[in-house]
1. List the pairs whose first member sits in the range 83-100 and is assigned to a loop (DSSP other than H, G, I, E, B), whose second member is open to solvent by 30 Å² or more (accessible area, probe 1.4 Å) and among the basic types (Lys, Arg), and whose Cβ atoms are under 9 Å apart, counting only residues at least 6 apart or on separate chains?
2. Quick one: which of Ser180, Ser171 is open to solvent by 50 Å² or more (accessible area, probe 1.4 Å), modelled with pLDDT under 80 and more than 23 Å from His29 (Cβ to Cβ)?
3. Looking only at the range 33-51, count how many residues are without any contact (Cβ under 8 Å) to a residue 40 or more places away in the chain and open to solvent by 30 Å² or more (accessible area, probe 1.4 Å).
4. Taking into account only those residues within the range 99-144 that are modelled with pLDDT of 95 or more and surrounded by fewer than 16 Cβ atoms within 10 Å (Cβ to Cβ), which is nearest to Ala62 (Cα to Cα)?
5. Kindly provide the set of residues from the range 52-76 that are of a type outside the set (A, V, I, L, M) and either in a loop (DSSP other than H, G, I, E, B) or open to solvent by 30 Å² or more (accessible area, probe 1.4 Å) (or both), ordered by number.
Amino acid sequence: MQLNTKETLIPEINRLSGQYKLPVVSLVHWQCTGNLLSSGSSQRISIEQTCEGLEIDGKVGAKCTLHTLGAMTPELYYDEAYENAVCSLKEIAAAAEKTGVAVAVEFMWNGYLFSPLEMKRFLDEIGSKFIGFYFDPGNMAAFQYPQHWARILGSDIKMVHMKDWKGNALSGGWPGLYYSNVKDQYRRGLYPGLAFIRIHRSCFDIYGSNC
C-alpha cells in the first residue's frame, strides 16, 4: 500500500480481512522515501511518512510494523546516523503510542547496528515500549549467531520472521540456521508472540500444501 492509495485500499483490506477471518497482525513500512538515519529534509520526510503509515496500520488493525530505518552512505558518519535515528524514533514513538502500533526495527545488511548489544543500547536510549526489535534470524546468520540476538534483545522483540540462510559466513561455515538454539530462547519465555514463516513461492510448487 502506498500513502496515495490508502483511501481506497484501507476499506478493501478490512473487507477481505473480515471475509476470510484473517486479521492483519503486522505490516512493513516500504513507503518511506526519506532516511531516518540522515538529518534535515530527508529525516523529516521519513518521520512524517512513518507517522502517517502508523495511522494506516491502526486503521487495518495491525499492532506492529517493520521498519529498516534507512541507509548508510560514505558521507553519513556512523555516530551521526546513530544520534539521528534515536532522535527520529523518539519523535515517532509518540505517534506509535497514539495509534497503538509498535515500530519494530529489523537488522538489515545496511551497515548499521551490527551487534545485539548495540541494538539493545539503541532501543534503551529511545526508551519506549512502542519501539522494539523485529527479529529475523536469517538476516544475522551471515555474521553472528541468531540465538545470541534472541537472548540479548529478549522482551524488546516485537515480531519474528523465520527464514533460513545458507552460505559462507564471517562466523565460519554456516550450513543453515540452528533453529533448536533459537527455539530454546522462545521456551525461556522471552518472546511469547507470533512467528511468520517466510519462504519462496517455488516451495509451494515443489511441496504443495505440505510446505
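1. Between residues of the range 83-100 that are assigned to a loop (DSSP other than H, G, I, E, B) and residues that are open to solvent by 30 Å² or more (accessible area, probe 1.4 Å) and among the basic types (Lys, Arg), the close pairs are Gly100/Lys63.
2. Numbers: Ser171 fails: open to solvent by 50 Å² or more (accessible area, probe 1.4 Å).
The conditions single out Ser180.
3. Number of matching residues: 7.
4. Gly100
5. Glu52, Glu55, Gly58, Lys59, Gly61, Lys63, Thr68, Gly70, Thr73, Pro74, Glu75
The values are calculated or read from the model by the stated rules, or taken from the named source; none is laboratory data. Everything quoted here is computed from the prediction, not taken from an experiment. Note: ideal-geometry Cβ built from the backbone for every residue, glycine included; neighbour counts use all protein chains shown. Just so you know, the surface numbers come from the protein's heavy atoms only, side chains and all, with ligands and any DNA or RNA stripped out. Shrake-Rupley method; radii C 1.70, N 1.55, O 1.52, S 1.80 Å.
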